[in-house]
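Report on the following structure.
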């Protein structure tokens with residue numbers, strides 16, 4: 001028997017079997033998530049302007065689970081991927097039509113930044129949550145989040161995103177494909193898959209407790225309507241105190257002569273961005289411009305107790321009838337108690353007031369004021 005050949009065969013088999021183990025040591029897979037449930041009470045709700053008490057599947061945060069993957073490719077290069085699903089804790093149902101609210105893959109380099117492809121957060125959401133978020137321990141309150149209405153849906157599908165960071169400066173660019181999700185000449189939808197074309201970017205600075213930045217996003221809706229969106233603001237942290245302020249603008253630019261049905265379809269998409277129970281149900285109608293100013297503060301009272309309050313003022317204009325021209329004021333205050341690094345309880349109060357045109361209502365019942373109380377429990381893993 002050729003013992004030399006046997007030794008070589010054994011050595012080759014050992015290397016082959018161990019190779020996956022070697023590569024596995026250079027990779028990491030992280031499972032993470034949030035489970036949040038709350039009881040919320042509101043007044044002036046429903047047809048008779050009565051009160052409503054309900055359990056909601058996310059008061060401070062939307063419940064979710066996700067997987068982060070990182071693989072070291074050597075030379076300072078890494079492969080990265082993420083999938084994240086959102087759900088409602090109270091019912092166990094999916095929180096949106098997109099089962100995965102994030103689903104992307106990309107490459108990250110220490111020298112040139114990172115490029116990712118798939119469904120992911122847009123530039124406006126990235127900028128606000130990282131630079132002048134409403135609350136220092138949570139970017140916003142899920143049950144009451146007027147600022148999200150200014151972020152053009154917060155996410156986009158079919159997106160290519162580039163982000164680079166150099167010292168205290170970070171910048172990002174995005175582009176998403178509409179994939180022929182447009183209207184034909186007679187105003188019939190070619191596709192209702194939800195693909196919308198976007199392009200934009202942001203630039204931010206953060207150092208020594210001071211953060212500031214500005215971002216821009218242009219969105220082309222299926223019938224050709226374009227919406228320009230801007231956001232800028234900053235925050236300051238000193239000791240246990242957190243201060244922040246920001247401004248957002250959404251401006252619709254119609255693409256005439258757009259098919260009538262297509263124009264209505266586009267307006268429906270924009271209305272979905274601008275309205276909803278979580279931001280007070282601020283009616284959009286045929287208005288084509290909305291601005292929002294925000295200012296807030298937070299304070300870490302003890303290692304366990306954090307309090308914060310935020311005020312938003314919105315202006316709406318461009319309504320052809322004038323019925324939807326007006327303004328809205330939003331106030332929210334939250335106290336949070338941390339049982340541990342992973343589990344916390346919170347109580348919040350919020351108030352909404354709208355005024356102006358005849359149709360400036362919170363919903364079909366004609367209410368112009370609403371107050372809400374939320375008490376919840378959140379666990380992060």
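The values are calculated or read from the model by the stated rules, or taken from the named source; none is laboratory data. The structure displayed is predicted, hence computed values, not measured ones. All Cβ positions, even for glycine, are placed from backbone atoms using ideal geometry, and neighbour counts span all protein chains on display.
Just one of 330, 324 is surrounded by 16 or more Cβ atoms within 10 Å (Cβ to Cβ), in a strand (DSSP E or B) and either in contact with a helix residue (DSSP H, G or I) (Cβ under 7 Å, 6 or more places away or on another chain) or at pLDDT below 95 (or both); which is it? Don't jump to the end; show me each part of the working.
Numbers: 324 fails: in a strand (DSSP E or B).
Answer to the selection: 330.
In the range 298-320, which residues are touching a residue at least 40 places away in the same chain (Cβ under 8 Å), surrounded by 15 or more Cβ atoms within 10 Å (Cβ to Cβ) and closer than 19 Å to residue 134 by Cα?
Correct list: 298, 299, 300, 306, 308, 310, 312, 314.
Pick out the one residue from 280, 262 that is surrounded by 20 or more Cβ atoms within 10 Å (Cβ to Cβ), modelled with pLDDT under 95 and over 21 Å from the mean Cα position of the chain (by Cα). Don't jump to the end; show me each part of the working.
Details: 280 fails: over 21 Å from the mean Cα position of the chain (by Cα).
Exactly one residue qualifies, and that residue is 262.
Consider the range 339-368. How many of its residues are in a strand (DSSP E or B) and under 30 Å from residue 304 (Cα atoms)?
Taking the range 339-368 first, the residues in a strand (DSSP E or B) are 343-356.
Adding the requirement that they be under 30 Å from residue 304 (Cα atoms) leaves 343-352.
Final tally of qualifying residues: 10.
If you go through the range 53-70, how many residues are surrounded by 16 or more Cβ atoms within 10 Å (Cβ to Cβ) and either out of contact with any strand residue (DSSP E or B) (no Cβ under 9 Å at 6 or more places or on another chain) or farther than 17 Å from residue 32 by Cβ (or both)?
Of the residues in that region, 3 qualify.
Show the residue pairs that are 6+ apart or on different chains and have beta-carbon atoms under 8 Å apart, the first residue being within the range 363-377 and within 11 Å of residue 144 (Cβ to Cβ), the second being in a loop (DSSP other than H, G, I, E, B).
370/280; 370/281; 370/362; 372/143; 374/59; 374/143
Is it true that residue 93 is surrounded by fewer than 16 Cβ atoms within 10 Å (Cβ to Cβ), closer than 30 Å to residue 361 by Cα and in contact with a strand residue (DSSP E or B) (Cβ under 8 Å, 6 or more places away or on another chain)?
Values: surrounded by fewer than 16 Cβ atoms within 10 Å (Cβ to Cβ): yes; closer than 30 Å to residue 361 by Cα: yes; in contact with a strand residue (DSSP E or B) (Cβ under 8 Å, 6 or more places away or on another chain): yes.
Against the criterion (surrounded by fewer than 16 Cβ atoms within 10 Å (Cβ to Cβ), closer than 30 Å to residue 361 by Cα and in contact with a strand residue (DSSP E or B) (Cβ under 8 Å, 6 or more places away or on another chain)), residue 93 qualifies.
Give the residues of the range 213-231 that are under 17 Å from residue 289 (Cβ atoms) and free of Cβ contacts under 8 Å to residues at least 60 places away in the same chain, sorted by residue number. Working first, answer last.
Our first condition is that a residue be under 17 Å from residue 289 (Cβ atoms); within the range 213-231, this holds for 216-219, 221, 225-231.
Once the filter is applied, which keeps residues that are under 17 Å from residue 289 (Cβ atoms) and free of Cβ contacts under 8 Å to residues at least 60 places away in the same chain, the range 213-231 yields 218, 221, 225, 226, 228, 230.
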